[in-house]
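I have placed the structure first, in the form of structure tokens, so that the comments after it can refer back to it.
A short reminder: the numbers here are calculations on the coordinates, not readings from a lab. These figures come from a predicted structure and were not determined experimentally. Using ideal geometry, Cβ is built from the backbone for each residue, glycine included, and neighbour counts are taken over all protein chains shown.
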Amino acid sequence: FSTTEEAVDAMKRGAYDYITKPFKNEEIRLIIKNALERKALRREALHKKELADRRSIYSSIVGSSQPMQNLYDMIGRVAATKATVLITGESGTGKELVAKAIHGNSRQKDSPFVAINCGAIPENLLESELFGHEKGSFTGAGSAKTGLFEAANGGTIFLDEIGELPPMMQVKLLRVLQEREVRRVGGTRDIPVDVRLITATNKELEQEVAQSRFREDLFYRVNVIRLDLPPLRARKDDIPLLAEHFLKKIGSSEKPLTLSGAALKRLVNYPWPGNIRELENVIERSAIFVTGGEIREEDLPPQLLRTRSESDGRGVLDQLPVTGLDLDEYLGNIEKDILLKALEKTNGVRKKAATLLKISFRSMRYRLSKYGIDPGGDDEESAGE
């Protein structure tokens, strides 16, 4: 530059350095060397930040077993695309955490991530939740409302338990995926949306399609890339890591919590029908009742202390006491446990629990009343019974 003023102006516009005339070749070499070193440092700092961000994104997904290593690899591959993803797995396996990890590793990570459980919203409200509504479109619609697809525009929408979508909503969702636009309830205008769709289910959607409960064309739309999450019993090597994670989450630096060796062995050997969610609940419950800083075997809930034969009932006759037992009471306790587990799996919806246990809704109500079980909620699914 011929003047200092011009050089300063160039620096303001992004130049790394400047040389005023006259200059020597050595000055140019030195400035270029410094610029390259600075660029390398910035690249290294950016790489470290990306690694830190990735560790933060994966921090809620705990596990180092081979199934989890395979899952991490798939998340990275899937995140690099905008393809629709279907996540399958039993309840409590962490499907929403995986969906968040996919979003968090994608180019849309700074855009919204919006989640909804399709089975938790009454059918008459679900369309408004997903697509929004206009003022006066139905009783109580005092103002216009933006739907979740609009709210997620530019980012990701996660539809959990998509297998619970009513037939009419399956048709409407299919149209949104085909046209990439939504129409609010009571509206006449189509609103373009650019969202990545991730869905999840604990059902076998192929069976749902075969039994005409899920649209085949919608199934092919959502089943572009599929991630099958392993149950906890298939990744027992991760149980100590998960237990430690939950202990840190529940405890504090002033009162750290640990597990005795015997307690940890019980955790590893238990089949975990409720998967990670059940493990977290067990750790939390045990921490409440523990007197010291260590959770011992006897602090664990009763179902973990039963032997396998006791748990499935095959060892009852071998352990029958000389004085006998109250068969009605024994069978009643088993039935009550099964009812509670069914309600847990169906979020307290009695009709769904009855279907799961292959009994009538009337029989379900009788049994719940018999054992004094109150599932809570209004049980929307039972309307009209």
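Tabulated data
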read-out	value
Nitroxide proxy distance, nm - points 7 Å out along Cα→Cβ at SER143 and ILE334	5.7
Modelled FRET efficiency - R0 51 Å, ASP194 with ALA15, Cβ distances, 0.05 increments	0.90
Cα-centre dipole for segment 67-123 with unit charges at Cβ (Lys and Arg positive, Asp and Glu negative), debye to 20	260
Per-peptide average of other Cβ atoms within 10 Å, ordering 224-230, 65-71, 161-167, 134-140 highest first	161-167, 224-230, 65-71, 134-140
Diffusion constant of segment 189-275 at 4 °C, which comes from Stokes-Einstein with the Kirkwood Cα-pair radius and 1.567 mPa s, µm²/s	76
Volume of the Cα convex hull of segment 57-98, divided per residue and given in Å³	82
Once the Cα gyration tensor of segment 326-382 is diagonalised, semi-axes √(5λ) in Å	20, 11, 10
Length added when fully stretched, GLU244-ALA262, from 0.36 nm per residue minus Cα-Cα	5.0 nm
Furthest towards positive pole of dipole, VAL195, LEU125, SER137, structure part segment 112-216, Cβ charges	SER137
Alpha carbon convex hull of segment 235-305, volume per residue in cubic angstrom	78
Estimated inter-spin distance, GLN69 and ASN124, nm [label 7 Å along Cα→Cβ]	5.4
Segment 155-201 - Rg and Dmax from Cα coordinates, angstrom	11.2, 32
Interatomic Cα distance distribution for segment 85-161, bins of 10 angstrom, percent	18, 41, 30, 11, 0
Added length on full extension, which subtracts the Cα-Cα distance from 0.36 nm per residue, ARG277 to GLU26	83.8 nm
Cβ-derived FRET efficiency at R0 30 Å, SER369 paired with THR291, nearest 0.05	0.20
